[in-house]
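A.B. asks: Structure below; questions to follow.
Values quoted throughout were computed directly from the atomic coordinates according to the rules given, and no laboratory measurement underlies them. In this text, all values refer to a predicted model and were calculated from it rather than measured experimentally. Every residue, glycine among them, receives a Cβ derived from its backbone with ideal geometry; neighbour counts consider all protein chains shown.
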Amino acid sequence: MILEVAILYVKPNLQDKFVADFALASEYIQAIDGYCSHTLRKCIENDGQYILLVDWIDVESHEIGFRKSKGYLKWKELLHDYYEPFPTVNHYETVFENK
């Protein structure tokens, strides 16, 4: 399993609308083969900062399956105008886990 991590900086005064649109956009990401789950968390210390965590079966499910899908175009239409600056996305693999 691969974890996608994106730090999101939402423009001032748009946070409530962003969260509502994120809920709508979620249907597009969760419909992709290779998608497992996702979480959006709001930073306590930095107003307007969020972290998006998405579990994928593999990087290709995100980079090809999602980003080349019609659903990604809808995701982009709903969410990309909220970000300033545009987020950097990284992928992580588990090397140790203690549950």
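A.B. asks: Please determine whether any residue of segment 12-22 is in contact (Cβ under 8 Å) with a residue 24 or more places away in the chain, among the charged types (D, E, K, R) and surrounded by 14 or more Cβ atoms within 10 Å (Cβ to Cβ).
C.D. replies: The answer is yes; a qualifying residue exists.
A.B. asks: How many residues does segment 23-35 contain that are in contact with a strand residue (DSSP E or B) (Cβ under 9 Å, 6 or more places away or on another chain) and either of a type in the set (Asp, Glu) or surrounded by 14 or more Cβ atoms within 10 Å (Cβ to Cβ) (or both)?
C.D. replies: Total meeting the criteria: 5.
A.B. asks: Which members of segment 1-25 meet the condition of being small (Gly, Ala, Ser) and either part of a strand (DSSP E or B) or within 16 Å of Arg67 (Cβ to Cβ) (or both)?
C.D. replies: Within segment 1-25, Ala6, Ala25 qualify.
Let's see how each residue does on (1) surrounded by 15 or more Cβ atoms within 10 Å (Cβ to Cβ); (2) farther than 17 Å from Cys36 by Cα; (3) in contact (Cβ under 8 Å) with a residue 24 or more places away in the chain; (4) among the small types (Gly, Ala, Ser):
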{"site": "Leu53", "(1), (2), (3), (4)": "no, no, yes, no"}
{"site": "Trp56", "(1), (2), (3), (4)": "yes, no, yes, no"}
{"site": "Glu60", "(1), (2), (3), (4)": "no, no, yes, no"}
{"site": "Pro85", "(1), (2), (3), (4)": "no, yes, yes, no"}
{"site": "Lys99", "(1), (2), (3), (4)": "no, yes, no, no"}
